[in-house]
Amino acid sequence: MSILLGYVLLGLSLAAPIGPVNAAQLDRGIKSGFLHAWLVGLGATVADGIYMLLVFFGVVHLIELPFVQTFLWLFGFFVLVYTGIESLMGAKNVGLSASRSAKQSYSASFFSGFFMSLFNPLTILFWLGIFGSILAKTLTEVGPGQVWLYSAAIFAGIVVWDVTMAGLASTLRRFLTTRLLVAISVLSGLSLIGFGLYFGMHAFSVLFL
């Protein structure tokens with residue numbers, strides 16, 4: 001049981017560092033509430049699950065191709081910059097609680113998190129690197145059945161963090177002033193654009209350097 005809890009904590013620690021998905025969850029939760037923020041995290045978690053399965057089935061050599069890596073960097077750049085600009089443009093509407101939820105569909109929130117994680121090269125590197133190493137280590141110590149169990153524990157930790165972030169984001173808008181909520185939304189948008197530009201620089205270096 002303690003080993004399982006350790007893997008759950010591993011999942012929590014892997015999801016906790018502030019990145020594009022966490023910034024998007026914070027922004028969406030402040031503007032539209034818990035469910036929208038949770039759907040952003042759920043979309044990202046589904047993308048994580050896809051990569052987890054790809055690692056299990058050994059479909060990892062394609063990611064090593066320079067063309068695929070460049071495509072991922074570029075797509076990540078466009079997705080994050082677009083989401084960041086959208087966040088900045090919607091910051092002025094943070095205080096309009098009556099209309100803000102109607103402006104965002106549930107599917108838009110889900111697919112925002114899904115594509116943000118699916119085409120995030122850092123997410124891919126994590127699943128190929130960290131999770132791949134964990135998988136190899138665990139396989140040498142226990143059987144395949146245990147590997148699925150421990151992987152599910154890691155996944156559970158990620159889900160717990162997503163729910164926590166969604167709850168935190170939706171709670172913040174109840175206690176903070178409109179001015180502070182706008183500031184947080186702007187910072188979240190700038191953070192997303194910053195991550196996007198970082199991905200764009202990597203794509204540029206691969207293409208032209």
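The values are calculated or read from the model by the stated rules, or taken from the named source; none is laboratory data. This one's a predicted model, so the numbers in the text were calculated from it and none came from an experiment. For neighbour counting, all protein chains shown are included, and Cβ atoms are generated from backbone atoms with ideal geometry for every residue, glycine included. The area values use the complete protein model at the heavy-atom level, side chains included, leaving out ligands, DNA and RNA. Shrake-Rupley method; radii C 1.70, N 1.55, O 1.52, S 1.80 Å.
Highest mean first, what order results for 198-205, 27-34, 185-192 on Cβ atoms within 10 Å?
My ranking of the peptides, most packed first, is 27-34, 185-192, 198-205.
Taking all protein chains as present, what is the carbon and sulfur share of the accessible area of segment 160-206, in % to the nearest whole number, probe 1.4 Å?
On segment 160-206, the fraction of accessible area on carbon and sulfur atoms equals 75 percent.
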